[in-house]
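Reading through the structure tokens given below for one structure.
The values are calculated or read from the model by the stated rules, or taken from the named source; none is laboratory data. Please read these numbers as outputs of a predicted model, since none were measured by experiment. When we count neighbours, we look across all protein chains shown, and the Cβ atoms used for this are built from the backbone with ideal geometry, even at glycine.
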Amino acid sequence: MTVERTRVAIVGAGPAGLLLSHLLAEAGIDSVVLDTRSRTDIESTIRAGILEQGTVELLDQIPGTRARTVGHRHDGIELRFAGEGHRIDFPGLVGRSVWLYPQHEVLTDLIAARLAAGQDLRFGATVTGVLETETELPRVTGVAADGTPFEFIADFVVGADGSRSVVRPTVTGSPSGGHFREYPFAWFGILCEAPPSADELIYSNSPEGFALISQRSETVQRMYFQCDPDTDVAAMSEAQLWDTLQARVPGTTLAEGPIFQRDVLRFRSFVAHELRRGRTALVGDAAHTVPPTGAKGMNLAIADVVLLARALEDWLGRGRTELIDAYADTALQRIWKAQHFSWWMTSMLHAAPGASEFDRQRQLGELRSVVESDAGRRYLAEAYTGWPLQTSPTAALG
Ligand code: PHB
């Protein structure tokens, strides 16, 4: 068994864990990042695609990150319903934009940047527990890639290890420990080889159910349609998948091409009851999950990390506890706003199983209230492009 000392033990080499190690290093605080997955797994798993403007501005400060150069700026989205498309013009409404830059590319950039800076990243390192978190020196135990048991003695432990977090029970007292909401539908996602079908993302509410036409590059596209959570990914032929997608975006002829990946994404909203206990805290999906409709997941993780990095810098660097004591309450304000936005976009755009004609007409009334109102479109644009990042309970980074 190896026993090592670090200042901050970060569990999880996702966007949250990697960004946190960067911000801590800038403040002169050493950390180790532990992840059970291999580097190749992390860099090749297809996840979300949309970065808020604040996220891109933060990534811009890290050498070698390519969100702005390789990613694509999107100045709007289209909401489509009742056979009409309505553009939400982000710069016109709120002076901000979003960038389409897939999460695995963000991870590739961050891993390269952290390794170039000499960061201690351990892949294939499976954390099994966090001990003595209420003491001055919590410990993280696990098994390294070569099978050797390890222990890290740290000043602080961060659970950035996703929705099946191993660290979460230490903070909440139980594996689930939070507020939950399940949805009666999921998304069927495809990746295909085809040119883009539209300039911007289309969020379509159709009588058959929701569809999202997203993109990845000039030659690869990402699309989703609402399905039953128990759908078998292999059950439909390519022709059936295209028919389903086409029927849900009336008015657009999708450019079709070979489908080379399919997956079913279940929808759930989750917020942990507690985000910090003693010297352990949760960030990102370990602390909360949102349905993907609002494109908030990765951005929310980054907002947690900006707050926690500042709080740890103040506490471990200067002995001041105000920010760490305020971390959970401050982070939760944004988390619940993002929970609301994600739930709202989801409920406004999807066909709920068993919905009555009243429900359907009310939903169209809601969509019309948003697109025909300057205030409605502005709220959507504000939330989608991202509220200002905060570094403390009162200071917002415009
Ligand atoms: C994606 O491209 O994967 C994507 C885009 C927007 C969303 C969700 C997913 O709201």
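Scan region 216-231 for residues that are within 13 Å of the ligand (Cβ to nearest atom) and surrounded by 15 or more Cβ atoms within 10 Å (Cβ to Cβ) and jot them down. Across region 216-231, the qualifying residues are ARG216, VAL220, GLN221, ARG222, MET223, TYR224, PHE225, GLN226.
Within region 132-172, the set of residues being without any contact (Cβ under 8 Å) to a residue 24 or more places away in the chain and either closer than 22 Å to HIS288 by Cβ or of a type in the set (Gly, Ala, Ser) (or both) comprises ALA145, GLY147, ARG164, PRO169.
For region 256-272, taking the residues that are surrounded by 13 or more Cβ atoms within 10 Å (Cβ to Cβ) and either assigned to a loop (DSSP other than H, G, I, E, B) or in contact with an Asp or Glu (Cβ under 7 Å, 6 or more places away or on another chain) (or both), the one that is modelled with the lowest pLDDT is identified as ARG268.
Take the conditions (1) among the basic types (Lys, Arg); (2) within 18 Å of the chain's Cα centre (by Cα); (3) within 28 Å of ILE153 (Cβ to Cβ); ARG47 misses just one of them, which is (3). Scanning region 101-137 for residues that are crowded, with 21+ Cβ neighbours inside 10 Å, aliphatic (A, V, I, L, M) and under 30 Å from ILE77 (Cβ atoms) turns up VAL106, LEU107, LEU110.
Taken together, ARG310, ARG268 contain a single residue that is charged (D, E, K, R) and within 25 Å of GLN221 (Cα to Cα), which is ARG268. The lone criterion from (1) more than 15 Å from the ligand (Cβ to nearest atom); (2) in contact (Cβ under 8 Å) with a residue 24 or more places away in the chain left unmet by THR321 is number (2). Looking at region 284-398, the helices (runs of 4 or more DSSP H) lying wholly inside it that each contain 1 or more residues that are surrounded by fewer than 17 Cβ atoms within 10 Å (Cβ to Cβ) sit at 322-349, 357-371, 374-385. Taking the conditions exactly as written (surrounded by fewer than 18 Cβ atoms within 10 Å (Cβ to Cβ), over 26 Å from MET348 (Cβ atoms), modelled with pLDDT under 95 and more than 18 Å from the chain's Cα centre (by Cα)), does GLY147 satisfy them or not? No.
Look at region 280-295: where a residue is within 17 Å of PHE341 (Cβ to Cβ) and a partner is among the β-branched types (Val, Ile, Thr) and within 16 Å of the ligand (Cβ to nearest atom), sitting 6+ places away or on another chain with Cβ atoms under 6 Å, you get PRO291/THR346; THR293/THR346; ALA295/ILE50. Number of residues in region 157-183 that are in a loop (DSSP other than H, G, I, E, B) and of a type in the set (Lys, Arg) equals 1. When residues of region 201-215 are filtered for being surrounded by 19 or more Cβ atoms within 10 Å (Cβ to Cβ) and either outside any strand (DSSP E or B) or not hydrophobic (A, V, I, L, M, F, W, C) (or both), how many remain? Result for region 201-215: 7. Taking (1) touching a Lys or Arg at 6+ places or on another chain (Cβ under 8 Å); (2) within 28 Å of GLU382 (Cβ to Cβ); (3) more than 16 Å from the ligand (Cβ to nearest atom) in turn, GLY124 satisfies each apart from (2).
Of the candidates ARG168, ARG114, the single residue that is basic (Lys, Arg) and closer than 30 Å to THR346 by Cα is ARG168.
Results for (1) under 28 Å from THR293 (Cα atoms); (2) within 16 Å of the ligand (Cβ to nearest atom); (3) touching a residue at least 24 places away in the same chain (Cβ under 8 Å); (4) aliphatic (A, V, I, L, M), shown as yes or no for each residue.
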| position | (1), (2), (3), (4) |
| --- | --- |
| ALA13 | yes, no, yes, yes |
| ALA16 | yes, no, yes, yes |
| LEU24 | no, no, yes, yes |
| ILE50 | yes, yes, yes, yes |
